[in-house]
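Working notes, structure below.
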Amino acid sequence: MLEEIIKDEAKNFYDYGDWKQYDHTPSGFKDGLELQLYNHNNSTSKLFYLYEVLRLIREEYHKHLKVCKSKDEPMKCHQNKVWLKMIYYTEQIIENLNPAFDFQILRPELNTDLIHENLKKLSNYPESAKIYQSALDKLNEGINERNVLDDLRLSYELLLKSVLSNNKSLENQNSELGKYLKEQDVSAECRNMFQTLNNYFQKYQNTYVKHNDKVLTKEVDLIVNLTSSLINFIINNRT
């Protein structure tokens, strides 16, 4: 509820703030944004506010880019330069509050130790690593949670393709995955448990993420942790 209240305040500032009436410039926006942060007592609340403002700027900017005559050279368009400066100023304020862009500040339930271990070990699987990092970047930036989970699914799918040496989709890897786990001398009980989790993960992704946009915020951290655990188990049982 608190997060929704803060997001609503951020939207009101972005849509109707005094900066739009009296100083509709990037510097006027920056001054107005910094003033609004005094309404919030702690860094977490300020970050919720800032990430929502950043999301709104990017959303409007990308809509404009689709029809912009200078989309291939955005700096030739005055409006593009305005949005890019607003993005820059907002990111600077975020960086002062959260120098490492550490998503754990806003999502303390995430298993960051596991995530950091995966980042190191995925270096042997660059395609999967790139998408995994993309998901984490979106967590840092407060970008659409559906896109975060979609990136994590793709990272896991690319990892399985590499480890299992095929080009099958995630939904068609069950048989190959079972054989692989058996070859790695994983116990029958653990194989069954892993494949059960894997199957439910696929169903969740297909129902709420891949073909729809019905992601519940309260479930995001669980799915991030689950995906990271699936990835970690596959990597650690690679011979």
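The values are calculated or read from the model by the stated rules, or taken from the named source; none is laboratory data. This structure is a prediction, so every number in the text was calculated from the model and none was measured. Using ideal geometry, Cβ is built from the backbone for each residue, glycine included, and neighbour counts are taken over all protein chains shown.
From the list E52, E117, which one is assigned by TED's automatic domain parsing to the domain that holds L139, at negative phi and assigned to a helix (DSSP H, G or I)?
E117
Tell me the residue from Y204, Y156 that is out of contact with any strand residue (DSSP E or B) (no Cβ under 8 Å at 6 or more places or on another chain), in contact (Cβ under 8 Å) with a residue 12 or more places away in the chain and under 25 Å from S123 (Cβ atoms), please.
Going through Y204, Y156 in turn, the sole match is Y156.
Just give me the residues in region 148-164 being under 14 Å from S229 (Cβ atoms) and of a type in the set (S, T, Y), in sequence order.
Across region 148-164, the qualifying residues are S155, Y156.
Identify all residues within region 203-225 that are under 17 Å from E157 (Cα atoms) and surrounded by 19 or more Cβ atoms within 10 Å (Cβ to Cβ); write none if there are none.
Matches in region 203-225: Q205, V209, I223, V224.
In region 196-216, what residues are aliphatic (A, V, I, L, M) and outside any helix (DSSP H, G or I)?
If the condition is that a residue be aliphatic (A, V, I, L, M) and outside any helix (DSSP H, G or I), then V215, L216 are the ones that fit.
Looking at (1) surrounded by 12 or more Cβ atoms within 10 Å (Cβ to Cβ); (2) of a type outside the set (K, R); (3) under 16 Å from L97 (Cβ atoms), find the lone condition where Y61 falls short.
Looking at each condition in turn, Y61 falls short on (3).
Mind checking which residues of region 148-194 are polar (S, T, N, Q) and on the phi < 0 side of the Ramachandran plot?
S155, S162, N166, N167, S169, N172, Q173, N174, S175, Q184, S187, N192
Can you name the number of the only condition in (1) of a type in the set (S, T, N, Q); (2) without any contact (Cβ under 8 Å) to a residue 24 or more places away in the chain; (3) surrounded by 15 or more Cβ atoms within 10 Å (Cβ to Cβ) that N232 fails?
(2)
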